[in-house]
Each structure stands twice: as structure tokens, then as C-alpha cells.
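Student: Got a structure for you, questions after.
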Amino acid sequence: AVAAMAPRWAAAALPSAALLLLPLAMASAGLSGYFGTKSRYEEVNPHLVGDPLSLGPAASGSLLPAACAPLQLRAVLRHGTRYPTAGQIRRLGDLHARLLRRPSAAACPAAADLAAWQMWYEESLDGRLAPQGRRDMEHLARRLAARFPALFAARRRLELASSSKHRCLQSGAAFRRGLGPSLSLGSDEVEVEVNDSLMRFFDHCAKFVAFVEENDTAMCQVNAFREGPEMRKVLEKVASALCLPVEELNADLVQVAFLTCSYELAIKNVTSPWCSLFSEEDAKVLEYLNDLKQYWKRGYGYDINSRSSCILFQDIFQHLDKAVEESKSSKPISSPLIVQVGHAETLQPLLALMGFFKDDEPLKANNYIRQTHRKFRSGRIVPYAANLVFVLYHCDQVKTSKEEYQVQMLLNEKLMSFHHSNETISTYTDLKDYYKDILENCHFKEECELPKVNITAIDEL
């Protein structure tokens, strides 16, 4: 629905020269809602197309008592829009080279259009932050500062951490730039602390690496769907459009063509000729393939996916605890702003650990139709620049001491309802009670330790 709206509100926001692109943009309008983890942030917040600094309709509904003041904001961000990885660029180059070798362009207009397309991606771009990614972060920083002015006021200390990946470090620096010179970081320079133990916990979890990351059988549902009837239909259709024998194509190459459509929209804000190969129905199939991978590798597929994130979950609550203690002792809050930049793979397991976007039935290769209205849609959860924000408040004029400290959680700048109450605000005590088991009994070292016996059966998970 968001994608279908795009042409209507895009026109008002664009200069006249850009209006020439609108017929082209309309061509991808039906696809842009299905790009999974390669989705633009604007897909979940369409009001930003017209004004990237708009707080949108969601900002007004806070339900907070007037006597509540924010004490601490803790944000876990995904990096902004990035270029494809070297592997994706190689596969795209391979597919493009095949089209260039086709003898008869006249007989196959789609292949001719794509052969004429300029292959501008180079392997050196390998997943780096695109200029749009820097804008994503700068604008996000400015919107958060506008929404929580007391926390982002001058001389408030900002703690900024990042994964060691270049795109995350650059995203952190761009976020800092978006705030301007008023915040204190200990110096005038942009300082981003590298913290892979929190932002790339999955790399440090031996059980996850052995049983999921490097275990071929762990992705059996993904592989079955890749070879299944829905993907076969898309494969045959694309082969036919390109006048290629179906044997010359595989699911990976079709996915690369689809992702190129997504990259061109996210990076350049244009509709690539690669988009013309796919209908909305094809896009839904390819989105499901992407979601299956996210589900089995980063979501609810195996317990270790989410359990490995408890190190980050507990760190969030340790800092919230500290802010509560400082407030009770009438001390200044030592860390009013904590912003950490990681990956879709950082956020997705954390949200699964907390029980969000869980469907009644697991995502499998054979239930594509039944999962049409699934909650687990990675493009809605972790698009580029996705952000999970905890805000801790101190409230005066309350009936009980328990109500003195309250918390809200926002995903992609929208308030989330807590599981235990179905409300968008919770007392801090109730929230901690609800997650008591994870806070007390989920220990990263023990969770991630490999069993002494060499077990390869995925059932162990």
C-alpha cells in the first residue's frame, strides 16, 4: 500500500526536472514494498519522501503524562543505504555479460534494454555506505533531536558506538554530523567507539556460527523454496523475458536482478530497467525468499539466533538501571544519549528475543500462500537505517513509586506496544519483570558455547 502511494506524494516534493522521472518511478511503485532488507527507510515512513525532516503523524501520540521528563535515550541503529556487496556485484556483472553476448537484440527488447544499461557498480564499493546512507543518518539524527529536544540539548553527552564495518562507522559519523556542533563528545572530533561484541555478537557466538552460519542443513527451508514451484515460475518468466534458456539462469541470478532494481531505487532514486523483469506477484515471491533466510538465520528459526543477542539486551537494561539509580540519588545522568550502529543482523535477533513479529506458524518453503499476511516481513522491520529506541522517563506527581520511572520503545520512529500490557508506555518495573528470565538467565558465554560432543544434528537447536 505504501509503495502504491508513492507517485501521488512524490510529485509534490520534487523539482520540475525530477518530475520527468515520475513515469519511471511509477514502474517500480508496485515492487518497492517487497525489497526486504534492501528496502528504503521511506517504505516504512512514506511522509519522509515529501520532507525528510518531518516527524510525521506518529510523533504526536505519546500518551505520556505531562509531568514526565526523558532521562535517557538508547538507540540501536542499522546503517544507512549501502552499495551491493562484491559478491552481488560479481553476479550482476556475470548476468549483464551474458546479455551483452546475445546475438539478436531486436527479437528480445528486454534483454536489449538491459544490455544497454551501464554497469557502473565496481567490486571496490563492496557494501560501503552510499551518499544516500549518510543522508539517512543525518536526517534521522535531526528528527530524533527534534522529537526529544531536552535530551539532545547543548552540552549533553553522546556515547556513540559502532560495528567495525566501514558502513557502520560512516553511519555513526553521519549521525553525529546531523546533530551539529552543540553536543559534547569529549572533544570536537567525531569519535565512534568500535564495539563488535555488542554490534556483531553473532560473530562471537560459536554455537550460532557452527550450527547456523556454517551449517548447510540449517537453511533447508530457504533452499527448498529456492528450488520450489513459486521460484521456478519466476525463473521461467525472467528467462523468457531475457530470451535466455532457463538452464542459464538460477535463483541467485534472478535475485541479483531483483536486488539491482532495489539498489537503484535506494541509492539513486531511479527505477532501473531491471525492475521491468518483475511483476508485483514476482516481487512477493522474492520477498518471501529473503524473509525465509532472515527468519531461519536471524529470527525465530533457531533459538540460538535470538539467544545470542542477550548480551546486547542486557547491556541496554544495565544502562537504563544506572540512569534510574543516578536519578534516585539526584545525580546528573552520566549517559543521557547512547547511540549504537550495527546491522539488520543486530536488530532482527534482538527483536525476536523480545518476542516481536512472531507468527503463529513458522515460515516454511511449503506455506508461502498461508504466510501472505505474516508479521515477519523484514522490509517493514529492518529496512536501511532501521532503529530501535528505548526512552526512559522520570515522572512527577505519580500515585505510586513504581510509576515514577516509565519507558517507551520505538521501532523506526513509531511507538511499539509492549507485550505485557498492549500499551505504548510501561513502568520500568513492569518491563523488567516481563523480561526477568532473559535478564537473569540468558548468559552469552553459556548460550554460545559449543557442546563438548560434536553434534551436527540441527535438532539440537
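The values are calculated or read from the model by the stated rules, or taken from the named source; none is laboratory data. All values derive from a computational prediction rather than experimental measurement. Note that each Cβ is placed from the backbone with ideal geometry, even for glycine, and that neighbours are counted across all protein chains shown. Accessible surface is based on the protein model in full, side chains and every heavy atom, while ligands, DNA and RNA are left aside. Shrake-Rupley method; radii C 1.70, N 1.55, O 1.52, S 1.80 Å.
Student: Which value, to two decimals, describes the C-alpha radius of gyration of the stretch 365-448 once divided by 2.2 N^0.38 Å?
Tutor: Dividing the Cα radius of gyration by 2.2 N^0.38 Å gives 1.43.
Student: Probe radius 1.4 Å, ligands and nucleic acids ignored: give me the carbon and sulfur share of the accessible area of the stretch 266-372 as a rounded percent.
Tutor: 45
Student: Could you give the C-alpha radius of gyration of the stretch 251-295 expressed as a fraction of 2.2 N^0.38 Å, taking N as the number of residues it contains? Walk me through the intermediate numbers first.
Tutor: Details: Rg = 10.5 Å, N = 45, 2.2 N^0.38 = 9.3 Å.
The stretch 251-295 yields a ratio of 1.13.
Student: Something else about it: Order these peptides, 172-181, 230-239, by their mean beta-carbon neighbour count within 10 angstrom, highest first. The partial results should precede the final answer.
Tutor: Values: 172-181: 19.9, 230-239: 18.0.
Sorting 172-181, 230-239 by mean packing, highest first, produces 172-181, 230-239.
Student: Now for a different question. Hey, can you find the accessible area per residue of the chain for me, probe 1.4 Å, expressed in square angstrom?
Tutor: 44
Student: Run the reach check for K399 against aspartates and glutamates, Cα to Cα strictly under 19 Å, same-chain hits fewer than 8 apart removed. What comes back?
Tutor: E423, D430
Student: Something else about it: In debye to the nearest 20, how big a dipole does the stretch 338-461 give about its Cα centre with +1 on each Lys and Arg Cβ and -1 on each Asp and Glu Cβ? Show your work: numbers first, answer last.
Tutor: Working: 14 positive and 18 negative charges, 101 e Å.
Here the size comes out at about 480 debye.
Student: Right, something else. What share of all Cα pairs of the chain, in percent, falls into each consecutive 10 Å distance bin?
Tutor: 4, 19, 29, 26, 15, 6, 1, 0
Student: Here is a follow-up. Net charge around N290, counting only other residues with Cβ within less than 10 Å of its Cβ (Lys, Arg = +1; Asp, Glu = -1)? If you can, show how the numbers build up before the last one.
Tutor: Values: positive: K38, K293, R377; negative: E287, D291.
With Lys, Arg at +1 and Asp, Glu at -1, the net is +1.
Student: For the chain, what is the relative contact order in percent, using Cα pairs closer than 8 Å and at least 6 residues apart in sequence?
Tutor: Worked out over the chain, it gives 25 percent.
Student: Can you flag which of K38/K436; K322/K452; K268/K293; K328/K375; K207/K414 are past 30 Å Cα-Cα?
Tutor: Long pairs (Cα-Cα over 30 Å): K38/K436; K322/K452; K328/K375; K207/K414.
Student: Compute the helix-to-body angle for 166-178: its Cα long axis versus the longest principal axis of the chain, expressed 0 to 90° and rounded to tens.
Tutor: Roughly 60 degrees between the two axes.
Student: Expressed as a fraction of 2.2 N^0.38 Å, the rule-of-thumb size for a compact globular protein of N residues, what is the C-alpha radius of gyration of the stretch 183-282?
Tutor: 1.61
Student: Of all beta bridges DSSP finds with both residues in the chain, what is the antiparallel percent, to the nearest 5?
Tutor: Once the DSSP bridges in the chain are tallied, antiparallel ones form about 60 percent.
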